[in-house]
Every structure is written in structure tokens, then in C-alpha cells.
Amino acid sequence: QVQLMESGGGLVQPGGSLRLSCVASTNIFSNNAMGWFRQTSGHQRELVAWLTSGDSTDYADSVKGRFTVSRAKVENTVYLQMNNLKPEDTAVYYCSAPLGWSKAHWGQGTQVTVSS
């Protein structure tokens, strides 16, 4: 059973930065695309960034230019660097792989709160 674990969330002021980490228990990121999602209460999970096994990336328009997804040098780890954070970025952030699979694996989520 693959396990994913997010970390790095917290409280940050508008304009600040955070780096989230997603660590997998296997090398699932080596052969599969993965995604970073976020969810706020009462809303569906939103895909905000994704990374393919070939290291291609793409982003939701709402975060483009501010968020960067990358593969860490540490094995089985993917980062989400979030800069110029806005209050509307407040959400629980999840990583998931393989991206788009009905039985994709999910982490437990990490809370990001952007507030002054």
C-alpha cells in the first residue's frame, strides 16, 4: 500500500511563502504523474499543480507564476513552492498519485492559512 504524506503547511501573512513536501513510501513518482490539490470547506478539491514522470509541469491559472512544483533530490519527494501567497490560497493541500487514476493514493493533507 502506497502512503503519501504532506508537510510544510502553516500560517503565513499575505505575500509570504511556504514550501510543501509530499513524501511517498515507494517510488510512485518515478513512473507516474502526481498532483497537488487543495480544498476548502464546502468545496470540491481543486487541482493546482502537477508534475509528470518526465518532469513536465503545469498549473491552475489561479496559481500560475506563484507556485512551483518540483522533484526533490531526496528520493520519493515532491515539493510545492508557494510564493506571494494570498488569503484565497487558504486551504488544506493534498498530494496524490497517480494523477487521474480512480484509485489514486492521497495524503492526509496539510493546512495552509494565509492571514494577517
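The values are calculated or read from the model by the stated rules, or taken from the named source; none is laboratory data. Since this is a predicted model, take the numbers as computed values, not measurements. As a convention, Cβ positions derive from the backbone with ideal geometry for all residues, glycine included, and neighbour counts pool all protein chains shown. The area values use the complete protein model at the heavy-atom level, side chains included, leaving out ligands, DNA and RNA. Shrake-Rupley method; radii C 1.70, N 1.55, O 1.52, S 1.80 Å.
The alpha-carbon atoms of the chain define a convex hull whose volume equals 96 cubic angstrom per residue. Calculation over all alpha carbon pairs of the stretch 1-45 in 10 angstrom steps from 0 returns a P(r) of 20, 42, 31, 7 percent.
Element breakdown for the stretch 1-81 at a 1.4 angstrom probe: carbon and sulfur atoms account for 45% of the accessible area.
What accessible area per residue comes out for the stretch 4-97, rounded to a whole number of Å², with a 1.4 Å probe? The partial results should precede the final answer.
Working: 4640 Å² over 94 residues.
Here the residues of the stretch 4-97 average 49 Å² of exposed surface.
Tell me the trypsin sites (Lys or Arg not before Pro) within the stretch 23-116 that lie in a loop according to DSSP and have at most 14 other beta-carbon atoms within 10 Å. Write down the numbers at each step before the final one.
Working: sites: Arg38, Arg45, Lys64, Arg66, Arg71, Lys73, Lys103; in loops: Arg45, Lys64, Arg66, Lys73, Lys103.
Answer by residue number: Lys64, Lys73, Lys103.
Helical runs (DSSP H, four residues minimum) scored at -39500 (n - 2.57) apiece and divided by the length of the chain put the mean residue ellipticity at 222 nm at -500 deg cm²/dmol. For Ala60, the residues whose amide H sits under 5 Å from its own are Ala49, ignoring neighbours fewer than 5 places away on the same chain, with H placed 1.01 Å from N.
Between the stretch 73-116 and the stretch 1-48, what's the alpha-carbon centroid distance in Å? Here the answer is 2 Å between Cα centres.
Enumerate the residues in the stretch 66-82 having an amide nitrogen under 18 Å from the point lying 7 Å beyond the Cα of Ser30 toward its Cβ. Only 71-79 fall inside the zone, counting backbone N under 18 Å.
With the contact rule set at Cα under 8 Å and sequence spacing of 6 or more, what percent relative contact order holds for the chain?
On the way: 288 pairs, mean separation 43.0, N = 116.
About 37 percent, as a whole number.
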